[in-house]
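Student: Next up is a structure, given as structure tokens.
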């Protein structure tokens, strides 16, 4: 997956494109938070595309929090990928909002809470420092 969030957006006429949220499938029923997370992700994308990256950024972090698992589910890998995309989009949005410090802090906190993605999240946080 290409990391679009590493590209600087200062002095850019158009916003950096966001990564799409992967679709998760399972032979079992997905938890209700899956649908809510997809809806919030779509809202965050709309906020970003409407020129409100400061509103979108924390929403992407919230999406990642909504799809955490204990790793024992048939959809755990799909949810991990959803979190990865959400963190990447959060970094992109924080950068576009010129809120690098806040973004680095939010991602550093997320890295402590999301052990599966911690290395990737920490790397994203460093791009905002």
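The values are calculated or read from the model by the stated rules, or taken from the named source; none is laboratory data. Just so you know, these numbers come straight off a predicted model, no measurement behind them. FYI the Cβ positions are ideal-geometry reconstructions off the backbone, even for glycines, and counts take in every protein chain you see.
Student: Does region 61-85 hold any residues that are closer than 14 Å to residue 22 by Cβ and part of a helix (DSSP H, G or I), and which are they?
Tutor: 63, 64, 76, 77, 78, 79, 80, 81, 82, 83, 84, 85
Student: Looking at region 30-52 only, could you name the residues that are in a loop (DSSP other than H, G, I, E, B) and over 14 Å from residue 18 (Cβ atoms)?
Tutor: Correct list: 30, 31.
Student: Now for a different question. Can you tell me which of (1) over 13 Å from the mean Cα position of the chain (by Cα); (2) surrounded by 16 or more Cβ atoms within 10 Å (Cβ to Cβ); (3) modelled with pLDDT under 95 is the one residue 99 doesn't meet?
Tutor: Only one criterion in (1) over 13 Å from the mean Cα position of the chain (by Cα); (2) surrounded by 16 or more Cβ atoms within 10 Å (Cβ to Cβ); (3) modelled with pLDDT under 95 is unmet by residue 99, namely (3).
Student: So, in region 43-71, exactly how many residues are surrounded by fewer than 13 Cβ atoms within 10 Å (Cβ to Cβ) and modelled with pLDDT of 95 or more?
Tutor: Residues flagged as surrounded by fewer than 13 Cβ atoms within 10 Å (Cβ to Cβ) and modelled with pLDDT of 95 or more within region 43-71 amount to 2.
Student: Answer yes or no as to whether residue 108 is surrounded by fewer than 22 Cβ atoms within 10 Å (Cβ to Cβ), touching a helix residue (DSSP H, G or I) at 6+ places or on another chain (Cβ under 8 Å), touching a residue at least 12 places away in the same chain (Cβ under 8 Å) and not in a helix (DSSP H, G or I).
Tutor: no
Student: Looking at residue 10, is it at pLDDT below 95 and in a helix (DSSP H, G or I)?
Tutor: no
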